[in-house]
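Everything below concerns the one structure shown next.
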Amino acid sequence: MAASGVPRPLVVANWKMNGLRRDGIDRARALAGLARAKGHGPCDIALCPPATLLVELRAALDGSEIALGAQDCHATESGAHTGDLAAPMLADVGCRYVIVGHSERRAGHGETDEAVRSKALAALRAGLVPIVCVGESEAERGRGDGVKVVRGQLDRALPEGVAADALVIAYEPIWAIGTGRTPQAGEIVALHAMIREACAARFSGGTAALRVLYGGSVNARNAAEILALDGVNGALVGGASLDAVGFWTICEAAGRHVAAAPGR
Ligand code: PGA
């Protein structure tokens, strides 16, 4: 927890399927250089590159305090699962976080909430912090079902009885991902409040330490406004994380907000 009584914000770069070795290492080094030169401030930062870059990025990030994360894991520890990566393998190469249930995996790989829950549990068993993604589609939002859909995803996908700081939730409206569109500030605040309230019964010890991130078209221009919203404890950043300087601006916005609002 930050001194202000709210959890330390977390800003996560999700590079998705972007970056060959040379680009990825250069970008990670640039980011680590900014972190070393300017210091982290009251903000945690994680970098989730393609799995091919995990090992080399661990070295590139050394000494910067930027954590490493993966974009997915399998629900079991080992076995005949061609092409998959188990959570202990990710921990073994230095990951601290793993994204599970991203809408692109739900859509592209048919992942259900139940599968997402199994992956989150596997991550926890391996000592990783799962970043569990939820969010409604444009059609669901249009029907006025956004809140109901996200609540249902939380009910089915979240493990029970864990400590609130053992996992992270990312609210990512699907229609906002990669589109340049974001919800109104009031909608983000309302959804984050609903998520915190819906989680109250699931965590041992309450939700004070729970981090609920916003994701979907966060960039260097809108980050300060979004990260200042009540109940927003950081961001999951896709496209805008592919530029080290722009991503660092987002991280600084998260840190500035906490430093400037000690009572919140
Ligand atoms: P975006 O992606 O920032 O490019 O919208 C966010 C995400 O999918 O995690």
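The values are calculated or read from the model by the stated rules, or taken from the named source; none is laboratory data. Bear in mind that the values here come from a model prediction, so they are computed numbers and not experimental data. Glycine gets a Cβ as well: all are built from the backbone with ideal geometry, and neighbour counts include every protein chain shown. What goes into the accessible areas is simple: the full protein's heavy atoms, side chains included, and nothing from ligands, DNA or RNA. Shrake-Rupley method; radii C 1.70, N 1.55, O 1.52, S 1.80 Å.
Please report the net charge: other residues with Cβ closer than 15 Å to the Cβ of Pro88, K and R +1, D and E -1. Don't jump to the answer; show the numbers that get you there.
Numbers: positive: Arg96, Lys119, Arg125; negative: Asp72, Glu77, Asp84, Asp92.
Summing Lys and Arg as +1 and Asp and Glu as -1 gives -1.
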Checklist line | Where the Cα pairs of region 16-60 fall when distances are cut into 10 Å bins, in % | finding: 27, 53, 20, 0
Notebook entry, point to check: Dipole size in debye (nearest 20) for the chain around its Cα centre, Lys and Arg Cβ +1, Asp and Glu Cβ -1?
Noted result: 360 debye
Item checked: the chain: relative contact order as a whole-number percent, Cα under 8 Å and 6+ apart -> 23 percent
Next item on the list: Sum up the charges of everything whose Cβ sits under 14 Å from the Cβ of Leu20, counting Lys and Arg as +1 and Asp and Glu as -1, but leave Leu20 out.
Entry: +1
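Please state, as a whole number in µm²/s, the translational diffusion coefficient that the Stokes-Einstein equation yields for region 1-112 at 20 °C and 1.002 mPa s, with Rh defined as the Kirkwood radius across alpha carbon pairs. Mind showing how you got there, number by number?
On the way: Rh = 15.1 Å.
After rounding, the answer is 142 µm²/s.
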Next item on the list: In a Gaussian network model over the chain where Cα atoms closer than 10 Å are linked, find which of Pro50, Pro183, Pro88 has the largest mean-square fluctuation.
Entry: Pro183
Note to self: Can you give me the Kirkwood hydrodynamic radius for region 10-256, using every pair of distinct Cα atoms, in Å to one decimal?
What the structure shows: 17.9 Å
Margin query: Taking the full set of protein chains and a 1.4 angstrom probe, give the accessible area of Val212 in square angstrom, rounded to the nearest 10.
Written below: 0 Å²
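Where nothing but the Cβ of Lys and Arg (+1) and of Asp and Glu (-1) is charged, how large is the charge dipole of region 167-264 around its Cα centre, in debye to the nearest 20? Write out the running numbers ahead of the final one.
Numbers: 7 positive and 7 negative charges, 30 e Å.
Roughly 140 debye, rounded to the nearest 20.
Using only alpha carbon positions, build the gyration tensor of region 84-222, then give the equivalent ellipsoid semi-axes as the square roots of 5 times its eigenvalues, largest first, whole angstrom.
Working: eigenvalues 112, 61, 43 Å².
The answer is 24, 17, 15 Å, longest axis first.
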Item checked: Dipole of the chain [Lys/Arg +1, Asp/Glu -1 at C-beta], most positive-end residue of Gly127, Gly39, Cys95 -> Gly39
Notebook entry, point to check: Given springs between every Cα pair under 10 Å in a Gaussian network model of the chain, which of Arg58, Arg96, Arg221 has the largest fluctuation?
Noted result: Arg221
Notebook entry, point to check: Helix-derived [θ] at 222 nm for the chain: sum -39500 (n - 2.57) over DSSP H runs of at least 4, divide by residue count, nearest 500?
Noted result: -12000 deg cm²/dmol
Note to self: Among Ser78, Ser137, Ser118, which one shows the highest mean-square fluctuation when the chain is modelled as a Gaussian network with alpha-carbon springs under 10 Å?
What the structure shows: Ser78
